[in-house]
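The block underneath contains the structure these notes are about, expressed in structure tokens.
The values are calculated or read from the model by the stated rules, or taken from the named source; none is laboratory data. Since the model is a prediction, treat every value here as computed from it, not as a measurement. FYI the Cβ positions are ideal-geometry reconstructions off the backbone, even for glycines, and counts take in every protein chain you see.
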């Protein structure tokens with residue numbers, strides 16, 4: 001796919017939304033113990049530019065580092081998004097590596113190296129396994145109790161969206177709809193849940209953050225919901241997008257228009273795959289022959305109106321014939 005459809009939509013969606021301190025604060029209030037939340041001055045949350053995830057692991061993990069104060073003392077909240085679809089029991093070891101990196105950076109950059117800052121690690125998980133380990137001790141032989149004193153122990157706060165009841169997620173305030181969407185994004189029956197989730201997002205996140213946030217949500221659904229029927233998904237997105245947002249097709253296509261024919265063509269190829277799945281990918285090869293903005297615009301409208309791949313294919317052949 002082109003850059004218009006991101007290779008890792010979960011990463012892009014997570015960072016675009018939760019890099020906003022207001023939303024990060026709501027996430028922290030929802031999943032970090034109340035005594036810690038009360039001690040933190042969440043008004044002081046400030047996003048740091050650092051990313052601690054190794055390059056080779058960025059397909060599976062995304063992270064955000066926030067500086068924060070607690071009783072006037074500096075520290076960090078480290079939010080890690082894990083979106084692996086398979087079991088990985090070494091998550092606590094990954095967290096240990098990233099926390100040590102934070103300490104090392106503090107020592108290098110701070111004039112007052114001690115005391116070390118506190119770090120609150122929060123993992124946001126929406127993969128497909130039921131349990132996520134929250135303590136590095138879980139990785140060691142439990143019978144060798146005498147040696148546990150040599151294990152660097154720390155608590156990880158886990159926001160396991162997969163295991164949370166929908167009723168609890170609906171009560172998370174401004175992030176409630178986003179949490180539900182991330183939980184169900186891979187469900188095969190997402191289209192039955194999606195209208196209600198989008199209504200919730202409109203009444204919480206979009207009501208507070210405006211159309212830009214809702215556009216982000218629509219794009220995330222269009223690019224990350226790979227297990228549901230693409231035509232039904234496309235219909236729901238257009239219906240919920242409304243006049244204010246336009247269709248997902250228009251959003252993607254207009255982004256491409258800003259960069260000329262090549263990007264517009266790339267957007268068209270992505271739209272075919274979003275709406276028609278594997279069949280759309282095959283037709284995309286033929287659509288690569290579209291060479292003008294006018295032809296691309298005609299075909300975009302055809303994709304939007306087509307109820308089946310055959311209709312889009314017939315229109316494409318007609319446009320290509322007129323293009324010669």
Could you tell me whether any residue of segment 180-196 is out of contact with any helix residue (DSSP H, G or I) (no Cβ under 8 Å at 6 or more places or on another chain), assigned by TED's automatic domain parsing to the domain that holds residue 14 and in contact (Cβ under 8 Å) with a residue 40 or more places away in the chain? no
Whether any residue in segment 109-118 is modelled with pLDDT of 80 or more and assigned to a helix (DSSP H, G or I) is what I want to check. yes
Inspect segment 277-293 for any residue being under 26 Å from residue 237 (Cα atoms), in a helix (DSSP H, G or I) and either touching a residue at least 60 places away in the same chain (Cβ under 8 Å) or outside the structural domain of residue 266 (by TED's automatic domain parsing) (or both) and give the result as yes or no. no
Which residue, of 124, 93, is in contact with a strand residue (DSSP E or B) (Cβ under 9 Å, 6 or more places away or on another chain), under 26 Å from residue 161 (Cα atoms) and modelled with pLDDT of 80 or more? 124
Going by the structure shown, is residue 268 in contact with a helix residue (DSSP H, G or I) (Cβ under 7 Å, 6 or more places away or on another chain), more than 22 Å from residue 10 (Cβ to Cβ), assigned to a helix (DSSP H, G or I) and modelled with pLDDT of 70 or more? yes
Within segment 170-189, which residues are under 16 Å from residue 222 (Cα atoms) and more than 16 Å from the chain's Cα centre (by Cα)? 188, 189
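Rundown of residues vs (1) part of a strand (DSSP E or B); (2) over 30 Å from residue 103 (Cβ atoms); (3) at pLDDT 80 or above, yes/no style:
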position: 133; (1), (2), (3): no, no, no
position: 143; (1), (2), (3): no, yes, yes
position: 168; (1), (2), (3): no, yes, yes
position: 181; (1), (2), (3): no, yes, yes
position: 193; (1), (2), (3): no, yes, yes
position: 226; (1), (2), (3): no, yes, no
Per the filter on segment 129-161, residues under 26 Å from residue 21 (Cβ atoms) and either touching a helix residue (DSSP H, G or I) at 6+ places or on another chain (Cβ under 7 Å) or in contact (Cβ under 8 Å) with a residue 40 or more places away in the chain (or both) are 132, 134, 154, 156, 157, 158, 159, 161
Scanning segment 24-49 residue by residue, those in contact (Cβ under 8 Å) with a residue 12 or more places away in the chain, closer than 24 Å to residue 177 by Cα and surrounded by 15 or more Cβ atoms within 10 Å (Cβ to Cβ) turn out to be 24, 25, 26, 27, 28, 29, 30, 31, 32, 42, 45, 47
